[in-house]
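Note sheet for the following structure.
Nothing in this text is a laboratory measurement; each read-out follows from the coordinates by a stated rule. Given the structure is predicted, the values throughout are model-derived calculations rather than measurements. Methodologically, a virtual Cβ is constructed for each residue, glycine included, from the backbone with ideal geometry; neighbour enumeration extends over all protein chains shown.
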């Protein structure tokens, strides 16, 4: 079963960490990627740009309108994701607990089942 692990980022939390702590997060993500790839459970991962770089398309009077900037003002935003193919929700949770963000107060990981997949890599 496929699960996506969404990484909820709060920039002020990250900025409050020392350089060594920030480096440990990066190293921890690399270790997680290696582990999940070796086990065959990693399908893909992507880090996303800052919301200030977003473009939003939304309907206004049933016509698509384009605006620059984030969808909504918020302290936290989705910073990226891991797409996993695992045997169970429990395994997805077990893996998510190994992601460095799971051990930092103020950050969060949201685990959701994938209901539909399409594309060359699926």
If only one of 44, 52 is free of Cβ contacts under 8 Å to residues at least 60 places away in the same chain and loosely packed, with under 14 Cβ neighbours inside 10 Å, which one is it? 52
Of 101, 27, which residue is surrounded by 10 or more Cβ atoms within 10 Å (Cβ to Cβ) and in contact with a strand residue (DSSP E or B) (Cβ under 8 Å, 6 or more places away or on another chain)? 101
Going residue by residue through region 14-22, is there one that turns out to be in contact with a strand residue (DSSP E or B) (Cβ under 7 Å, 6 or more places away or on another chain), free of Cβ contacts under 8 Å to residues at least 24 places away in the same chain and exposed (fewer than 11 other Cβ atoms within 10 Å of the Cβ)? no
